[in-house]
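Note sheet for the following structure.
The values are calculated or read from the model by the stated rules, or taken from the named source; none is laboratory data. What you see is a predicted model, and the numbers here were worked out from it, not measured in a lab. Glycine gets a Cβ as well: all are built from the backbone with ideal geometry, and neighbour counts include every protein chain shown.
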Amino acid sequence: MADHLTQLQRTNLNGFPKPGELIEITGAHELEAADRAILNLLYQQAHNSGRLTEGDAVWELSLAELRHGLSRHQSNDTVRASLAKLMGVQVKVSYMSGPVSGQEAPAGEPRTLLTHLFDFIDTSDGDSSRSTVRYGLPKTLVEVLARSNRWGRIKAEVVCAMTSKYSIALYEMVQLRANMDRCLETFPLARFRDLLGVPPKTYERGNDFARFVIQPAMLEINGLSDMSVDLALVRRNKVAPIEAVTLTWWRKEGDEYRAAMRERDRSKLGRMARLRGKVEIASLATCPPAVA
């Protein structure tokens, strides 16, 4: 089973292998889209170094690389603000137990680790083009990642192109499931909100949840990624509250795939309007002709 460990998988044209334990973190609702994109860039570098599971490893990356990955208009101060948020947030990581720090835990016991995402973050002062960030990962989290055997391949250019944190979270969920035999899964509403990072006590009305969470996530995934998704809100009847969300996914092909690649290369300015326009055009195109 060693060859099925996440840490042994190589980054390829389909993206870097992000551990499922990191994809399905909860408690990350404070993180915005830029924060999540930087998180992926930092973990990708750690993975590509081959030292992701070394407890004392330290990595260094230029702030310019992080900045340009997001937008040419970002400043080092903006990147530092995201790094500070990433350092401060506590998340819950679900995993199956195993030997930890020399102590034998019951085999296969489900556990939840409350942890920071980074052990430390150390940035250069000033705004030099040579400014860097150095960072390390928490030892206990590294031990969990060392046993990971579930991953989703995440493309940096996709997450950096997205403007909604819900889009990034949903994209990662889909990538974790992309190679499954099935292509449909239903999540209880509370679980789905946690996985997408929806802040508690926000968007509790069904219309608000659909408008500010579901619709932006679907628009950006369908318009920017290599996958297409559909989200259906599950209710007992038309006026009942939402109980669950059913996610369906499939791979893009042909013109649909090429259109997503072209949109990723365009400016983020006006992107959501362009994507909404495509949806409206597609909807009109499928309407039956009017009967005279």
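Tabulated results
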quantity: Looking only at the stretch 160-176, and only at residues there that are closer than 10 Å to Glu32 by Cα and hydroxyl-bearing (Ser, Thr, Tyr), the one that is farthest from the chain's Cα centre (by Cα); calculated: Thr163
quantity: Residue within the stretch 46-62 that is under 28 Å from Asp265 (Cβ atoms) and in a strand (DSSP E or B) present; calculated: yes
quantity: Given (1) of a type in the set (Gly, Ala, Ser); (2) free of Cβ contacts under 8 Å to residues at least 12 places away in the same chain; (3) under 29 Å from Gly254 (Cβ atoms), number of the condition Ala190 does not satisfy; calculated: (3)
quantity: Residue match in the stretch 214-225 (condition: in the same structural domain as Gln175 (by TED's automatic domain parsing), charged (D, E, K, R) and either at pLDDT below 95 or touching a strand residue (DSSP E or B) at 6+ places or on another chain (Cβ under 6 Å) (or both)); calculated: no
quantity: Top-ranked residue in the stretch 181-216 [being over 19 Å from Ser164 (Cα atoms) and acidic (Asp, Glu); ranked as surrounded by the most Cβ atoms within 10 Å (Cβ to Cβ)]; calculated: Glu185
quantity: When residues of the stretch 55-97 are limited to those that are β-branched (Val, Ile, Thr) and over 18 Å from Gly126 (Cα atoms), the one surrounded by the fewest Cβ atoms within 10 Å (Cβ to Cβ); calculated: Val58
quantity: Selected residue (only one of Arg130, Arg134 is over 15 Å from Ala57 (Cβ atoms) and either surrounded by 19 or more Cβ atoms within 10 Å (Cβ to Cβ) or charged (D, E, K, R) (or both)); calculated: Arg130
